[in-house]
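The values are calculated or read from the model by the stated rules, or taken from the named source; none is laboratory data. This structure is a prediction, so every number in the text was calculated from the model and none was measured. Here the Cβ is made from the backbone with ideal geometry for all residues, glycine too, and neighbour counts use every protein chain on show. Heavy atoms of the whole protein, side chains included, go into the accessibility calculation; ligands, DNA and RNA do not. Shrake-Rupley method; radii C 1.70, N 1.55, O 1.52, S 1.80 Å.
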Amino acid sequence: MDEFHALRALANAMGVHDHYTDGLGRRISVSPETLVRVCGAAGARISAAGDAADALREHLEAAEHVSLPPVLVAWDGKFTAHAPHHEGPMLAELHLEHGDVVELEQTDLELRFRERLPLGYHRLVVEAAGRQHSSTVIAAPVMAWRRAGSHRSWGVAGQLSALRSARSRSVGDLQDLQTLCDWIRANGGDLVSLLPLLPTFNSAPPEPSPYSPVSRLFWSETILCLGAAHRPTPRPPSIDVSRADEEVRAALAGAIVPDASLLDDELVRYARFRGAQARLGRNWRDWEGNARTGRPDADQVDEAEERFHLVAQTMLRRQLLAVRARLDADGFRLGLDLAVGVHPDGYDPWSRQSLFGEGMSVGAPPDAGFPSGQDWGFAPVLPAASRREGHRYVAASVAHQAAVAGVLRVDHIMAWTRLYWIPHGFEVHQGTYVSYPAEELFAVLTLESTRHRCEIFGENLGNVPPEIDEALPRHRIWGMYLAQFEASRGGDVSSPGSNAVALVGTHDTPTFAGWLSGNDVAERVRYGLLAAEAAAEVMNERRRAVRRLADWLDSSEGSPQELLTELLEWLGRSQSPLVVAWLEDLWLEEEGVNLPGTPSLVRPNWQRPMSRLLDEIISDPLLNAVLLRLRAARGADSSAASPSPA
């Protein structure tokens, strides 16, 4: 076997794709240089194609010595597993999550438990021939949790930090969230969905993207309701996370460290990490000694910073659980968003250094929307390392948000089957996909959904593999329908079905008014995301899409407000279980909150406050009328949305 055949064999054995189809429909053969880098990051001892044969031999020999897979799934609690090959007696036990130990029945080929396992994360332990083997057993429901009754609800979505009222600080907080929820509930809706509420780097230089958080295990301090310490501020020209952070710090100055009973090991370690960053710098890879390896010494930690995060996170946990309880009592839900990854300088990759792939970024290959592809700038979780730890980190990330959310959107749910890795120093199109253990990850998702009574939908837009299309209905997870995308496909505008959450657009698309005018096309040219010579055709296609949508709705392109209202009504009459309007679309905001592919230092993504105060929004008769028409449509016969309303 020559070195290139050996390299491809190694890649295939490790789940690294040596070819794939990109978002433009092109079949891509992955270069040997990319395969070497990605296989090396995934755990192979390889630095050149010539090392592939030895690396393949090591990989296959290691696999031969694995008697049990690191993770097993017991769907609906039904457990069977292949018995490890052995000679002589064997003891096989299941150590259940709550502490009980049960012995398994054995045959020459199988281990089984006749009763259904309780849902949870259990441990299979097998002793044979003087050796012990173990595996994590995820006992999970096949289907994610779903509320009883019919599903014809609606709500709105937005960015909490951009939502301000006359009483607000420089950003919106949990009190503003409650006011918005009360308004939507009064109009008949039952959901407010928010961009991630995870912590970001707020000190200079600030990095405000909610999709590049410090951690997926904690909350943003800036959303705290400060009670008596709250001080309103004038409306700022932009969202200044540094100023918002300073406001919270001033309010919590002098606060004592919470009682030890409220501080778990993860929170204590997180606070020490933030304290170490305050003293040693943001990039933990430049740290020395114990701090670099994950256990900073006392003299490497800023005590005031450590205390601030202990206090703030304890308050946030209490306040957010109170929000969940209050909304549950009102029959209302908070929607949250599970980000794909974390900032490379963040807590999660520091505290779990063996779990993340160094020298790699996650992104997406070229597609029609982004002909150059996308690099999202954060490191991938290593699939083999995640399996070895029983997917504890993934489970904790999901549980963190599902405990608060009534509905959880999984960003880029394709990552549960495969993720696009880009070696540092390579162009975006020079990456490749790496496979992930989809069955195990969906088991984590359905288990946490059930434990926390949280409905799930996934962002299945873009280059979607068939495995995702099959998995979502099997696990009772909704997908997404975007009216902007459907109108751009040509032909009839299809109606959303019962398996998809219906939206006009998202934070990653133009606002509805921006989509109508095409202002995003000029922006994409300005920031190098679209070739200038292609802009005219893209703009013509946009005009055709707008005309197609208006004709389908028997509406007018020249009346954007009425076109939006009729679109929401049409979506409302569909079979979709949930219709979500982008809040700023209600008053035809032109500027999008984000332009994917542009850093926040170049374009002020995530930094534009809403142009209207919450007080103005809830008292506007026009906006209330739009919501009442959506409410009425949700109560209408869903069959009315299938044919053209003309």
Residues of segment 507-537 satisfying the condition of being of a type in the set (A, V, I, L, M) and either surrounded by 18 or more Cβ atoms within 10 Å (Cβ to Cβ) or over 29 Å from the mean Cα position of the chain (by Cα) (or both): Ala513, Leu516, Val521, Leu529, Leu530, Ala531, Ala532, Ala534, Ala535, Ala536
Evaluation of Glu470 against (1) of a type outside the set (S, T, N, Q); (2) modelled with pLDDT of 95 or more; (3) within 18 Å of the chain's Cα centre (by Cα) (one fails), failing number: (3)
Of all residues in segment 119-169 being open to solvent by less than 40 Å² (accessible area, probe 1.4 Å) and among the charged types (D, E, K, R), the one that is farthest from the chain's Cα centre (by Cα): Arg169
Residues (open to solvent by 20 Å² or more (accessible area, probe 1.4 Å) and either touching a Lys or Arg at 6+ places or on another chain (Cβ under 6 Å) or assigned to a loop (DSSP other than H, G, I, E, B) (or both)) located in segment 453-485: Arg453, Glu459, Asn460, Leu461, Gly462, Asn463, Val464, Arg476
Residues (of a type in the set (Val, Ile, Thr) and not in a helix (DSSP H, G or I)) located in segment 498-552: Val501, Val504, Thr506, Thr509, Thr511
Residue within segment 321-344 that is at pLDDT below 95, open to solvent by 40 Å² or more (accessible area, probe 1.4 Å) and charged (D, E, K, R) present: no
Ala443 in a helix (DSSP H, G or I) and crowded, with 24+ Cβ neighbours inside 10 Å: yes
In segment 274-300, the residues that are in contact with a Leu (Cβ under 9 Å, 6 or more places away or on another chain) and not in a helix (DSSP H, G or I): Trp287, Glu288, Pro296
Single residue of segment 96-118 satisfying the filter (open to solvent by less than 70 Å² (accessible area, probe 1.4 Å) and touching a residue at least 40 places away in the same chain (Cβ under 8 Å)) that is farthest from the chain's Cα centre (by Cα): Leu117
Long-range neighbours under 9 Å by Cβ, at least six apart or interchain, first residue farther than 17 Å from Gln159 by Cβ and in a loop (DSSP other than H, G, I, E, B) within segment 321-341, second open to solvent by 10 Å² or more (accessible area, probe 1.4 Å) and among the polar types (S, T, N, Q): Gly341/Ser212
Within segment 117-144, tally of residues that are assigned to a loop (DSSP other than H, G, I, E, B), hydrophobic (A, V, I, L, M, F, W, C) and at pLDDT below 95: 1
Filter result (exposed (fewer than 13 other Cβ atoms within 10 Å of the Cβ) and among the polar types (S, T, N, Q)) within segment 239-283: Ser261, Asn283
So Thr450, is it open to solvent by 10 Å² or more (accessible area, probe 1.4 Å), within 17 Å of the chain's Cα centre (by Cα) and among the hydroxyl-bearing types (Ser, Thr, Tyr): no
When residues of segment 1-44 are limited to those that are modelled with pLDDT under 95 and open to solvent by less than 50 Å² (accessible area, probe 1.4 Å), the one farthest from Tyr420 (Cα to Cα): Gly23
Residue ID - least open to solvent (accessible area, probe 1.4 Å), chosen from residues in segment 45-71 that are assigned to a loop (DSSP other than H, G, I, E, B) and of a type in the set (Val, Ile, Thr): Ile46
Residue count, segment 556-578 (criterion: surrounded by fewer than 24 Cβ atoms within 10 Å (Cβ to Cβ), in a loop (DSSP other than H, G, I, E, B) and either of a type in the set (S, T, N, Q) or under 28 Å from the mean Cα position of the chain (by Cα) (or both)): 4
